[in-house]
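Q: Would you mind keeping the following structure in view while I ask a few things?
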């Protein structure tokens with residue numbers, strides 16, 4: 001990031017070393033350099049001041065003893081300490097990291113699979129398909145506060161719809177507190193399982209909320225597959241399942257890979273959904289909620305910075321490994 | 001890559017017998033033909049049901065909800081729009097003051113749209129059209145910013161604005177929103193500029209048009225669809241945003257946005273659920289209207305912006 005900052009002012013002079021050496025000294029090229037940087041400068045200033053510098057400052061804050069109370073006296077330089085990272089390695093941070101991972105992995109996979117099913121089901125044209133396709137996107141574009149509130153009401157143990165019909169139709173003996181219950185014993189085929197009720201509920205919500213995103217991109221990709229490919233397979237006697245696995249799925253894999261990365265990153269960082277649904281209770285406290293609580297309830301800016309930083313680093317490493325691994329696979333095929 | 005699969009395929013399964021029999025192909029086609037409709041109906045129900053539920057709760061009287069929580073029909077006999085009145089009335093008059101919150105949300109969202117477009121149009125044009133040093137690094141920087149955890153960014157911004165005494169002001173929220181949406185705006189607009197052929201601009205430049213003149217007279221009108229869809233997209237992001245509104249404005253009720261207002265009131269027991277559902281409808285309705293009015297523009301803008309990444 002800092003290299004960009006350095007490069008920009010050095011632009012015109014350094015362009016001699018650039019790949020387009022042919023144009024290096026022409027007045028046109030110089031003018032273009034200047035115009036480009038001038039047009040871009042408002043954006044650049046805004047992003048540097050409001051995003052890049054604050055992120056760098058978080059690095060400093062993570063190593064200082066800063067609280068809301070002494071916020072005015074804290075300086076950029078010293079005194080530095082690593083005490084903030086105690087909260088990272090000694091507290092329940094690892095639990096919430098595990099929760100975050102489970103939430104992001106299952107949420108991402110569920111949303112993509114649901115989006116794929118939706119895209120396949122709505123593939124062939126029929127009357128009203130355009131309207132249905134558009135409606136599929138509503139959960140994704142709607143305000144998070146409104147949809148979480150509706151879900152909370154729907155799942156409410158006292159006057160929620162789900163529990164009402166669950167007790168009437170499915171023979172539930174008592175209301176299930178979907179959003180506050182940590183675990184529930186379930187017996188299935190004579191075996192007893194313990195399932196994390198609230199965590200599963202928020203994962204289901206996440207699937208509902210973000211499958212439209214996967215649906216949108218997969219639909220766009222499916223539409224771009226030439227019909228002739230599938231036609232040829234059909235003529236050769238491939239059944240629908242075979243056509244899906246041998247023709248369609250390979251075409252969709254790059255899109256699915258991109259969706260996995262994007263959705264994983266966003267779910268891993270997400271705060272709103274869980275904060276609004278459970279407030280982090282019932283075993284659903286993800287790291288973003290922990291950080292928020294450290295920042296507001298405890299006013300401990302230093303510890304919050306340290307945790308957020310560790311979160312970002314872990315995310316960066318995971319995405320980096322994935323891209324490296326995936327990039328290699330791409331080369332082989 | 002698909003070609004060898006296609007040619008090799010018929011060799012492995014035994015050829016289907018002559019005539020129309022219960023071959024695997026026929027069975028699968030029939031099963032999926034039915035399953036498809038089951039899935040479509042199920043998806044539509046699952047997707048839209050919560051919104052239907054939101055709406056019917058907002059027009060039912062509270063005691064009817066408590067008496068019969070499972071009812072799903074529109075209560076024509078006891079239609080009650082009182083919840084809307086209660087949520088919109090100013091707080092001084094015993095309501096919840098959502099009209100004011102809507103004003104705040106609209107102001108912040110429109111401000112974000114205007115400023116971010118003003119800043120991003122020249123910026124994205126420069127990234128798409130002009131060759132200058134550091135162009136690719138800047139693009140990468142914007143992408144990184146777009147994918148960065150906002151909770152990490154929230155900490156220093158919260159600290160800075162607290163220190164400046166600006167926390168609680170709508171202006172602070174506006175600045176943060178602009179910075180948040182700029183990367184995605186630049187990304188989407190740049191992709192659109194990339195699809196516009198340069199020949200028109202070159203012709204105008206040959207005719208003696210200055211660079212800004214070219215941008216204003218040629219490129220801007222051509223990019224209008226992308227600019228509009230982008231504006232709508234940014235409006236939706238700003239209208240829906242929750243985390244920064246919560247961090248910055250929670251202690252200054254007159255400045256609450258609709259999202260923040262609803263989330264704060266949802267925690268209190270004094271406000272009836274039906275009134276809050278009316279609030280949810282009010283919060284959601286503008287977004288759904290915008291979305292259906294510009295659905296094609298929006299989805300195309302989104303996928304075009306993402307497929308290249």
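Q: Give the number of residues within region A:110-140 that are touching a residue at least 24 places away in the same chain (Cβ under 8 Å) and part of a helix (DSSP H, G or I).
A: The total comes to 14.
Q: Still on this structure: What's the number of the only condition in (1) at the interface with chain A (Cβ under 10 Å from one of its Cβ atoms); (2) at pLDDT 90 or above; (3) touching a helix residue (DSSP H, G or I) at 6+ places or on another chain (Cβ under 6 Å) that residue B:278 fails to meet?
A: (1)
Q: Taking the criterion of being within 29 Å of residue B:259 (Cβ to Cβ), under 20 Å from the mean Cα position of the chain (by Cα), part of a helix (DSSP H, G or I) and facing chain A (nearest Cβ under 10 Å), would at least one residue in region B:123-142 satisfy it?
A: yes
Q: Does residue B:244 count as within 11 Å of another protein chain (Cβ to nearest Cβ) and under 24 Å from the mean Cα position of the chain (by Cα)? Spell out how you get there, then give the answer.
A: Working: within 11 Å of another protein chain (Cβ to nearest Cβ): yes; under 24 Å from the mean Cα position of the chain (by Cα): yes.
Criteria met by residue B:244.
Q: Within region A:60-78, identify whether any single residue is under 25 Å from the mean Cα position of the chain (by Cα), more than 7 Å from chain B (Cβ to nearest Cβ) and modelled with pLDDT of 85 or more, and answer yes or no.
A: Scanning region A:60-78, I find at least one residue that is under 25 Å from the mean Cα position of the chain (by Cα), more than 7 Å from chain B (Cβ to nearest Cβ) and modelled with pLDDT of 85 or more, so the answer is yes.
Q: Now for a separate question. Please go through (1) surrounded by fewer than 18 Cβ atoms within 10 Å (Cβ to Cβ); (2) more than 7 Å from chain A (Cβ to nearest Cβ) for residue B:170 and return the number of the only condition it doesn't satisfy.
A: (1)
Q: Output the number of the condition that residue B:93 fails; it satisfies all remaining conditions of (1) more than 8 Å from every other protein chain (Cβ to nearest Cβ); (2) under 30 Å from residue B:220 (Cβ atoms).
A: (2)
Q: Given the options B:132, B:158, name the one that is crowded, with 16+ Cβ neighbours inside 10 Å and over 30 Å from residue A:265 (Cα atoms).
A: Details: B:158 fails: over 30 Å from residue A:265 (Cα atoms).
Going through B:132, B:158 in turn, the sole match is B:132.
Q: I'd like to check something: does region B:99-117 contain any residue that is surrounded by fewer than 21 Cβ atoms within 10 Å (Cβ to Cβ), within 7 Å of chain A (Cβ to nearest Cβ) and in contact with a helix residue (DSSP H, G or I) (Cβ under 8 Å, 6 or more places away or on another chain)?
A: The answer is no; no qualifying residue exists.
Q: Let me ask something additional. Regarding region B:212-224, can at least one residue be identified that is surrounded by 14 or more Cβ atoms within 10 Å (Cβ to Cβ) and within 19 Å of the chain's Cα centre (by Cα)?
A: Taking every residue of region B:212-224 in turn, none turns out to be surrounded by 14 or more Cβ atoms within 10 Å (Cβ to Cβ) and within 19 Å of the chain's Cα centre (by Cα).
Q: Here's something else I'd like to know. Looking at the structure I just gave you, is residue A:46 more than 7 Å from chain B (Cβ to nearest Cβ) and at pLDDT 80 or above? Lay out the reasoning, then the answer.
A: Details: more than 7 Å from chain B (Cβ to nearest Cβ): no; at pLDDT 80 or above: yes.
The answer is no for residue A:46.
Q: Another question about this same structure. Can you list the helices (runs of 4 or more DSSP H) found entirely within region B:150-255 that contain at least 2 residues being within 29 Å of residue B:293 (Cβ to Cβ)? Break it down into steps so the answer makes sense when it comes.
A: Details: elements: B:150-164, B:170-195, B:199-206, B:211-214, B:224-240, B:243-249.
Helices (runs of 4 or more DSSP H) meeting the threshold: B:170-195, B:224-240, B:243-249.
Q: Among the residues of region B:264-271, is there at least one that is part of a loop (DSSP other than H, G, I, E, B), closer than 17 Å to residue B:158 by Cα, touching a residue at least 12 places away in the same chain (Cβ under 8 Å) and over 23 Å from the mean Cα position of the chain (by Cα)? If you could, list the steps in order and put the result at the bottom.
A: Looking only at region B:264-271, we keep the residues that are part of a loop (DSSP other than H, G, I, E, B), and these are B:267-271.
From what's left, closer than 17 Å to residue B:158 by Cα: none.
Checking region B:264-271: not a single residue is part of a loop (DSSP other than H, G, I, E, B), closer than 17 Å to residue B:158 by Cα, touching a residue at least 12 places away in the same chain (Cβ under 8 Å) and over 23 Å from the mean Cα position of the chain (by Cα).
Q: Does residue A:259 count as at pLDDT below 90 and touching a helix residue (DSSP H, G or I) at 6+ places or on another chain (Cβ under 8 Å)?
A: Details: at pLDDT below 90: no; touching a helix residue (DSSP H, G or I) at 6+ places or on another chain (Cβ under 8 Å): yes.
Considered against the rule, which asks whether it is at pLDDT below 90 and touching a helix residue (DSSP H, G or I) at 6+ places or on another chain (Cβ under 8 Å), residue A:259 comes out as no.
Q: Moving on to the next point. Can you find a residue that is facing chain B (nearest Cβ under 9 Å) and farther than 30 Å from residue A:183 by Cα anywhere in region A:108-116?
A: Of all residues in region A:108-116, those facing chain B (nearest Cβ under 9 Å) come to A:114.
Subset that is farther than 30 Å from residue A:183 by Cα: none.
No, the conditions are met nowhere in region A:108-116.
Q: Scan region A:147-200 for residues that are outside any loop (DSSP other than H, G, I, E, B), in contact (Cβ under 8 Å) with a residue 60 or more places away in the chain and away from every other protein chain (no Cβ under 14 Å) and report the count.
A: First pass over region A:147-200, keeping only residues outside any loop (DSSP other than H, G, I, E, B): A:147-154, A:161-169, A:184-188, A:191-195, A:197-200.
Checking the rest, the ones that are also in contact (Cβ under 8 Å) with a residue 60 or more places away in the chain come to A:147-149, A:151-152, A:197-199.
Checking which are away from every other protein chain (no Cβ under 14 Å) leaves us with A:197-199.
The qualifying residues number 3.
A quick yes/no check of all residues on (1) closer than 17 Å to residue A:144 by Cα; (2) free of Cβ contacts under 8 Å to residues at least 12 places away in the same chain; (3) buried (at least 19 other Cβ atoms within 10 Å of the Cβ); (4) facing chain B (nearest Cβ under 9 Å):
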site	(1), (2), (3), (4)
A:263	yes, no, yes, no
A:288	yes, no, yes, yes
A:293	no, no, no, no
A:309	no, no, yes, yes
A:315	no, no, yes, yes
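Q: Another question, if that's okay. Output the residues belonging to region B:153-167 that are in contact (Cβ under 8 Å) with a residue 60 or more places away in the chain, under 14 Å from residue A:49 (Cβ atoms) and within 7 Å of chain A (Cβ to nearest Cβ). Reasoning before the result, please.
A: Going through region B:153-167, the residues in contact (Cβ under 8 Å) with a residue 60 or more places away in the chain turn out to be B:154, B:157-158, B:161, B:167.
Filter again for under 14 Å from residue A:49 (Cβ atoms), leaving B:157, B:161.
Across region B:153-167, the qualifying residue is only B:157.
The values are calculated or read from the model by the stated rules, or taken from the named source; none is laboratory data. This one's a predicted model, so the numbers in the text were calculated from it and none came from an experiment. For neighbour counting, all protein chains shown are included, and Cβ atoms are generated from backbone atoms with ideal geometry for every residue, glycine included.
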